[in-house]
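In what follows, a structure is listed as structure tokens, so that the remarks can point back to it.
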Amino acid sequence: MSATLPNLHVLAQWQKGKSYSTSYRPIPLLQMVKIGSTLYNEDFSVIRDLHSSEIKIKDDGEHLIQLCLETVLEGYSVLIFCPAKAWCEKVSLNIASSFYSIGKNNSGYPENIVQSLRNRLNEKDLNRIIEALRASPAGLDSVLERSLSFGAAFHHAGK
């Protein structure tokens, strides 16, 4: 809550409660910077050039989908911040569309990548999430449904 409520301790005192904080992370947070096609660590030491990847994704000049795919294939999630609602939706749909193209039969991508992506994007679990959202009081946004079907979602303030 500290990211959204900077005075959490004040709220806890007011409610006669206790404030608890921890720096424990079940998954390590790795922060990197991408400038052009070069990936840097927190100290701005070069990690690698993204052009050297075995994964080449059509219409991904910024390497965004490539980085998402690499991360998902490693078993992790990706969080992308966008400056506008429309960008949130567009990026989510682009990732979903690319994941669909990569995961389909005869996609032209290496079979190990295709199979690994299919395994990571558990269709049964994704469908269960979609059904739960459909049944929720707010319903399911059509753009979110299209992107969520292939493992990408977005969150923004709405209209």
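Can you list the equivalent-ellipsoid semi-axes of the chain, largest first and in whole Å, using the square root of 5 times each Cα gyration tensor eigenvalue?
Its equivalent ellipsoid spans semi-axes of 31, 24, 15 Å.
Could you list which residues have their amide H under 5 Å from that of Ile47, counting only those 5 or more apart in sequence or on another chain, with H placed in the peptide plane?
Those lying under 5 Å, H to H, from Ile47 are Leu39, Tyr40, Asn41.
To test your reading of the geometry: what angle, between 0 and 90 degrees and rounded to tens, separates the Cα axis of helix 64-73 from the longest principal axis of the chain?
That helix lies at roughly 80 degrees to the long axis.
Where does the charge balance sit around Tyr40 when Lys and Arg score +1, Asp and Glu -1, over other residues with C-beta under 12 Å from its C-beta?
So the surrounding residues net to -1.
With a Förster radius of 22 Å, plug the Cβ-Cβ distance of Ser19 and Ala157 into 1/(1 + (r/R0)^6) and report the FRET value to the nearest 0.05.
Given R0 = 22 Å and the Cβ-Cβ separation, E is 0.25.
Relative contact order, percent, of the stretch 8-148 when contacts are C-alpha pairs under 8 Å separated by at least 6 residues?
Result for the stretch 8-148 is 14 percent.
How far, in degrees from 0 to 90, does helix 123-135 lean away from the longest principal axis of the Cα atoms of the chain, to the nearest 10?
50
Number of Lys-Lys pairs in the chain under 27 Å by Cα, sequence gap 8 or more or different chains?
Close lysine pairs under the 27 Å cut-off: 14.
Using Cα atoms only, what is the angle between the long axis of helix 111-120 and the major principal axis of the chain, expressed in degrees (0 to 90) to the nearest 10?
On a 0 to 90 degree scale, this one is about 20.
Quick note: the coordinates plus some simple rules give every number you see, no bench work behind them. Owing to the predicted nature of the structure, the values given are computational and were not obtained by experimental measurement. Positions of Cβ are backbone-derived with ideal geometry, glycine not excepted, and every protein chain shown enters the neighbour counts.
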